[in-house]
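Below is one structure; the comments refer to it alone.
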Amino acid sequence: MSAWTTAALRTASRRTLSVRPLTPFLPGAMNRNMASNNKGYDILRDPETNYGMAFDAESRKALGLRGLLPPRMCTMTDQKRRILGQLSRIPNPLDKYMSLMALQERNMTLFYSIIIDNVYEMMPFIYTPTVGEACQKYGHIFQRPRGLYISIEDAGEVREILDNWPADEVHVAVVTDGERILGLGDLGTYGMGIPVGKLNLYTACAGIHPNKTLPICIDVGTNSPDLINDPFYTGIPKPRVRGEKYDALVDEVITALNERYPGILIQFEDFGNTNAFRLLEKYRNTVCTFNDDIQGTASVALAGIMGAVKVKGTQLKDETFLFLGAGEAGTGIADLIVDQMIEEGMSEPEARSKCWFVDSKGLVVKSRLDKLQHHKIPYAHDHAPIGSLKEAVEILKPTGLVGVSTQGGAFTKQIVDTMSANNERPIIMALSNPTSCAECTAEEAFTWTDGKVLFASGSPFAPVEVKGRTYYPGQGNNTYIFPGVGLAVVAAGIRRVTDDMFRTASRSLADQVTREDMGKGALFPPLKHIRDVSAIIAHDVALHAWETGAATKPKPDEVLAAIKECMYDASYQIPDNS
């Protein structure tokens, strides 16, 4: 049995929630989400009302479940131990993913309880890195539809399609067009695994009720010949539609969502670079929206940098950053760093001069202005051309190196050695996902720098031992940010999500890193505390919203307590029969 499963089983054993079979589950005192006329198989087939063998004798009789379940009754703790045992016997991560998704379709409450209790161990299976492989094979492992599909062929009828979604209240939608899934490129409708996975994290990490979330895949085709020729591809097997027809469909989706669910938070996810920036600028001031690849990544990276600066005893203005990759993630991080530097007293030109980029053509400089995409132009500095990252590190002597390129292994030993030679405590962030796309591993970064590095990665890495000391690398996962921001939006009734809110989230996250965490080489709090971390981030962002007039709901006397009160509790609802 693996170490993580042993730890998870211990957690299940200690868990005190639902440690007995359900008390009589009578129709008059049912879970508010269970219709009182549900009986028998209707209850067992509904993942929200199916508690399996946890129904006790009286509940089984009242609900017509006698004979439909094995006669023995068990507790939620028993059920969790069974599932964790099953997972421990599955060697392949993708098979673990499929097993967990199947559990979610059978027993939603048990699924989320297991994820919440074992988030550190389970996240690699329900999200990165395993979700990347799941998306690549989505049509081949397809079992039943999840989320809402809206295709270019549905133009003019989007609201009618949206009305097919069964929920009358939705707080958060995650929307993708599948063009840039993680570091894997254009996966079309196979990218639906990303909105599904992100919304699972909204629930597990911040308590957004799963029935009030909506994954959406906008299908405008795919430019992947392999997918077009894939007999199991789930989308339209044609090249992508662009231009006015694309924009009209996206606009119809955004309009329909806001008509049916006023104030809904819409998270753009894994759009191609051009559309990602363009759509964010188009909608950010008119609807409640953000782009996690741009703003969420920036926020978690800024939090890690704030932690690194704290360890070094320097100020942000003392640092110079070199980015490998000048897409939406990289320039989003730089923009937020610049905003923070300005708040700390620098001018905008001074702050921008602290951020440099290397893209596929070399260093981003002014002599390339006529060929640069618009989001790179603010970081095109007056400098002689440099053709490679290695040369740029040697010449510019950055204090921080940030990888958002999806080029696995791009931070070579020679590059890391140069960073280490130029800096007593080099900051290195290999943020690309999935693991195969990481610019370097934690083991490489800590080993090559003799443990001097201040390191964060986008994918999880195991602890590293260097010269008798063990380091626990921090995962700079957006999961530290977007669930808490989303919770703040729901709790405070925020109608516009601003960059200031993401900087507030960064400061909140950085403030939650303890000296003990830093001493272990981590720039982020332990992932096992993510529910508490998200609640505090939501508290701080909500306070910012109330202070700036961006919140529409009344401010409660005890903000943190009120936020925690509205978080989804993955426990079986035991009715009060008094």
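The values are calculated or read from the model by the stated rules, or taken from the named source; none is laboratory data. Everything numeric in this text was worked out from a predicted model, so none of it was measured. Positions of Cβ are generated from backbone atoms using ideal geometry, with glycine treated the same way; all protein chains shown enter the neighbour counts. Heavy atoms of the whole protein, side chains included, go into the accessibility calculation; ligands, DNA and RNA do not. Shrake-Rupley method; radii C 1.70, N 1.55, O 1.52, S 1.80 Å.
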For the range 383-397, in residue order, the Karplus 3J(HN,Hα) values (coefficients 6.51, -1.76, 1.60; θ = phi - 60°; whole Hz; Gly and Pro = x) are 7, 5, x, 10, x, 9, 5, 4, 5, 4, 5, 5, 8, 7, 6
Relative to the chain, whose Cα atoms define the longest principal axis, helix 297-312 and its Cα axis are tilted in degrees, nearest 10, by 60
Candidate cut points under trypsin sites (Lys or Arg not before Pro) in the range 346-417, DSSP loop plus at most 14 other Cβ atoms within 10 Å of their own Cβ, are K361
Dividing the mean separation of Cα pairs under 8 Å (6+ apart) by the residue count of the chain yields a relative contact order in percent of 13
The pairs in K212/K564; K312/K354; K282/K376; K310/K452; K198/K310; K137/K238 lying past 20 Å Cα-Cα in this model are K198/K310
In debye to the nearest 20, the charge dipole size for the range 391-502, taken about the Cα centre with +1 at each Lys and Arg Cβ and -1 at each Asp and Glu Cβ, equals 320
Given unit charges at Cβ for Lys, Arg (+) and Asp, Glu (-), the dipole magnitude of the range 486-536 about its Cα centre in debye, nearest 20, is 120
Taking only C-alpha positions in the range 471-578, Rg and Dmax in angstrom work out to 15.6, 53
Whole-percent carbon and sulfur contribution to the accessible surface of the chain (1.4 Å, no ligands, DNA or RNA) stands at 50
Expected vector for the range 250-258, Karplus 3J(HN,Hα) from phi with 6.51, -1.76, 1.60 and θ = phi - 60°, integer Hz, x for Gly and Pro, equals 4, 4, 5, 5, 4, 5, 5, 4, 6
Computed, not fitted: 222 nm per-residue ellipticity of the chain from DSSP H runs ≥ 4 (each -39500 (n - 2.57)), nearest 500, equal to -12500 deg cm²/dmol
Candidate cut points under GluC sites (Glu not before Pro) in the range 206-297, DSSP loop plus at most 11 other Cβ atoms within 10 Å of their own Cβ, are none
Of all DSSP beta bridges having both residues in the chain, the percent classed as antiparallel (nearest 5) is 15
Residues whose built amide H sits under 5 Å from the amide H of I494, excluding neighbours closer than 5 in sequence, are T552
Answer in debye to the nearest 20: the dipole magnitude of the chain about its Cα centre, from +1 Lys/Arg and -1 Asp/Glu charges placed on Cβ, is 1600
Karplus ³J(HN,Hα) for the range 90-107 (6.51 cos²θ - 1.76 cosθ + 1.60, θ = phi - 60°; Hz, whole; x = Gly/Pro) runs 9, x, 8, x, 5, 5, 4, 4, 5, 5, 5, 5, 5, 4, 4, 6, 8, 8
For D318 and D56, extending 7 Å from Cα along the Cα-Cβ vector and measuring point to point gives, in nm, a value of 6.2
The range 428-463 and the range 521-576 have their Cα centres apart by a whole-number Å value of 30
Counting sequence-distant residues (5 or more places) and residues on other chains, those with an amide H built under 5 Å from that of G235 are T189
Tilt, helix 193-206 to longest principal axis of the chain (alpha-carbon atoms), in degrees rounded to tens, equals 80
To the nearest 10 degrees, the tilt of helix 76-88 (Cα long axis) against the first principal axis of the alpha carbons of the chain is 50
Full extension between E348 and E160 adds, at 0.36 nm per residue less the Cα distance, a length in nm of 63.0 nm
Length gained if E169 through A421 is fully extended, taking 0.36 nm per residue and subtracting the Cα-Cα distance, is 85.1 nm
For L214, the residues 5 or more places away or on another chain with a placed amide H closer than 5 Å to its own amide H are V172, A173, V174
Of all GluC sites (Glu not before Pro) in the range 151-215, the ones in DSSP coil with at most 11 other Cβ atoms within 10 Å are E169
